[in-house]
Structures are given as structure tokens and as C-alpha cells.
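Right, one structure below, let's go through it.
The values are calculated or read from the model by the stated rules, or taken from the named source; none is laboratory data. These numbers were taken from a predicted model, which means no experiment stands behind them. As a convention, Cβ positions derive from the backbone with ideal geometry for all residues, glycine included, and neighbour counts pool all protein chains shown.
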Amino acid sequence: MIVVASANGKIGIPAAMEILRAGGSALDAVEAATRIVEDNPDDHTVGYGGYPNLLGEVELDASIMDGRTLRAGAVGALKGYRHPISVARKVMEELPHVLLVGEGAARFAAEMGFQAENLLTDEAATVYRQGISGALPPDKARDWLSGGIDRNLARLARLTTDPERAAGTVNFIAKDREGNIAVAVSTSGWAWKYPGRLGDSPVIGAGNYADNRYGACACTGWGELALRCGTAHAVVLYQRLGFGLEQACRQAMHDLAYVAEDPARAIMNLIAINRDGRPIGMTTVPGRTYVWMTDDLDAPVEEPRVVIDLTRVKR
Ligand code: ASP
């Protein structure tokens, strides 16, 4: 049994492992772990306390996939509910659909009994105001701030791509006693994104994929890149085609060089396992880590990710 996560998922790993040790399912483990990160107000990239979109609204995306049945559920641009991962799971279990967005997702969350609440913390609101005014062209600032912002969102979306603030998401993969694999992803997406923007996180095959027969993968980083390459599915598919785990991940990362306008600035991070539950973490950014814990350990292990330099990949 194993639980693997992006570094910000460390706080959720013990709870996930407890579920697995008690004979619980990989699906229950990844959902429970994700909820802990969604509750954390200090994580500005996930759930409550997440940074908002250009209009100052927190919009959350999440997805969950069951590697046993290949069933999946996801929500995108969900406002007012702090546990999008649980709403995504309900989509998977209660609807004949995979992905709900916006108003429909919120309607469904209410129908399923989730409590609506304000997710924008004072801290996130302050950083948002500073981020937006810092991104405005000085000669336009006064006009745009006094009511012009919503007529200029497309221009602002181009300006507000501060990588320090934009990035972040949580990933979990678990393999349970029965050998079943599940994956969960949750995010508030890019800070100051265009309202309604979805990245890879709620899109099955881009930000997450799990298949008991071959393995699983989940991504963080520039969702637009993973969307265009189907990165999480690519990792699983390359394993199906006979690549080893590391080779499959390397190939999926190399695929990104072809779609990245500037490979030197492209950010992608992934965690993955093979069907035996062996973990790996990979990144384009030196120094990044990931965490994992097997049932014979007392605490999670944090390890450096394998670094891929996309500028050296032949396009
Ligand atoms: N992949 C996420 C998104 O594009 C953000 C991130 O992981 O940094 O929404």
C-alpha cells in the first residue's frame, strides 16, 4: 500500500495511510487527504484560502478517478464550496456524467447537501488587491480600477501571470490493500485567472489519470500545457506501451517541449506510480520535491523530483 503526493499534500498523507491500513479504499484515502489540504487556509492554491480569479472570486477545480473501473468525476470553476474533491466524487457516483462546471456544479453541490460558504480569506483578498494593482499599466490604473476592470479582463489575464502566485495544486495517488489505485487533484487554479478558466486539474487525462492495469499520474504546473498534451494519460499510456515508469514520465515531459512557446519558462510537475505501486516525482524546476509513504513506514518520505530540462529536448 502506498500514498504519493505533491509536497503540499504532506499534511494529508498520515490520514490517507490510516484509511488504507484499516482496509479502506484508495478512493477514500485520496479524497480524505485532499479534504485536509482544501481546509488549510495557508495553502493559497487549493480550497479555502485559495487565491481568486481576476474578479476576486475563488473558483475551484477538482477531479477524482478510480483505477479499478476507470470511472471519474470532476468539477470546474465551482464557487462557494470548500471541498470540490467531494463534489467531484459525487459527480462520479451519483450522475451519468464526468464533469460539471460553474453554476451547474454549484447547483449539484447544494443538491448533494454541501454547505455554501465564502472561501475568500482576508489574507487572500489583500494579496489579490496588491497583485491586481501591481499588474495594471500605470497610465491605465486609475481608469481600470474605477469600474473598468471588467471591460479589460482579457488584457489583464495576459499581465497577471506571476509564477510565484500562479502556481499550485495538490495531487494524491493511493494504492490500497486490494491493489486498487485512485488519484485525486484539487486546485484554485492560477491566481488572477480569467473567470471560468479551467486548467488541467479537472480534466481527466490532462491533470489526472489512473488505471489499475498500468499505473497512475497527476500533474501540477501550467495546466494549459498538460491540457494540450494529455500529460497524465500519456504517462499511463506510455507504460501500457511497455515503457518503464521513469521512461514513461520522461517521454510525457519531453512531449511538452513541442507545445511550450518558451521551454525555458515552462513549468510542469508530475507524480506517478506504476502498477506495482512504485512512485516517482518529476519536474522542470530544480529543487522541487514530492512525498510518499508505504504502509511499513511511520512517516512520509520527502524526496527530490527528477528534473527535466525542456530546453535540451529536440522539438
Ligand atoms: N495546474 C494548475 C492549473 O493550471 C495550477 C498549478 O498546478 O500550478 O490550474
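Residues that are assigned to a loop (DSSP other than H, G, I, E, B) and within 15 Å of the ligand (Cβ to nearest atom) were ranked within segment 176-189; the one that is farthest from Gly221 (Cα to Cα) is Ser188. With a cut-off of at least 2 residues that are out of contact with any strand residue (DSSP E or B) (no Cβ under 6 Å at 6 or more places or on another chain), more than 15 Å from the ligand (Cβ to nearest atom) and of a type outside the set (Lys, Arg), name the helices (runs of 4 or more DSSP H) lying wholly within segment 191-295. Where helices (runs of 4 or more DSSP H) fall fully within segment 191-295 and carry at least 2 residues being out of contact with any strand residue (DSSP E or B) (no Cβ under 6 Å at 6 or more places or on another chain), more than 15 Å from the ligand (Cβ to nearest atom) and of a type outside the set (Lys, Arg), they are 231-240, 245-259. When Gln251 is tested against (1) buried (at least 19 other Cβ atoms within 10 Å of the Cβ); (2) of a type outside the set (D, E, K, R); (3) without any contact (Cβ under 8 Å) to a residue 40 or more places away in the chain; (4) under 19 Å from Ala266 (Cα atoms), only condition (1) is not met. Looking at segment 22-32, which of the residues that are touching an Asp or Glu at 6+ places or on another chain (Cβ under 6 Å) and assigned to a helix (DSSP H, G or I) is surrounded by the fewest Cβ atoms within 10 Å (Cβ to Cβ)? It comes out as Leu27. Within segment 218-275, the residues that satisfy the criterion of being under 21 Å from the mean Cα position of the chain (by Cα) and among the basic types (Lys, Arg) are Arg228, Arg250, Arg265.
Among the residues of segment 166-175, is there at least one that is closer than 14 Å to Ile271 by Cα, among the hydroxyl-bearing types (Ser, Thr, Tyr) and assigned to a loop (DSSP other than H, G, I, E, B)? Yes, segment 166-175 contains at least one residue that is closer than 14 Å to Ile271 by Cα, among the hydroxyl-bearing types (Ser, Thr, Tyr) and assigned to a loop (DSSP other than H, G, I, E, B). With respect to the conditions (1) over 16 Å from the mean Cα position of the chain (by Cα); (2) free of Cβ contacts under 8 Å to residues at least 40 places away in the same chain; (3) more than 17 Å from Ala210 (Cβ to Cβ), Leu78 falls short on a single one, namely (1). For Gln130, the conditions (1) in a loop (DSSP other than H, G, I, E, B); (2) modelled with pLDDT under 95 all hold with the exception of (1). Here Glu18 meets the list (1) outside any helix (DSSP H, G or I); (2) surrounded by fewer than 19 Cβ atoms within 10 Å (Cβ to Cβ) almost entirely, failing just condition (1).
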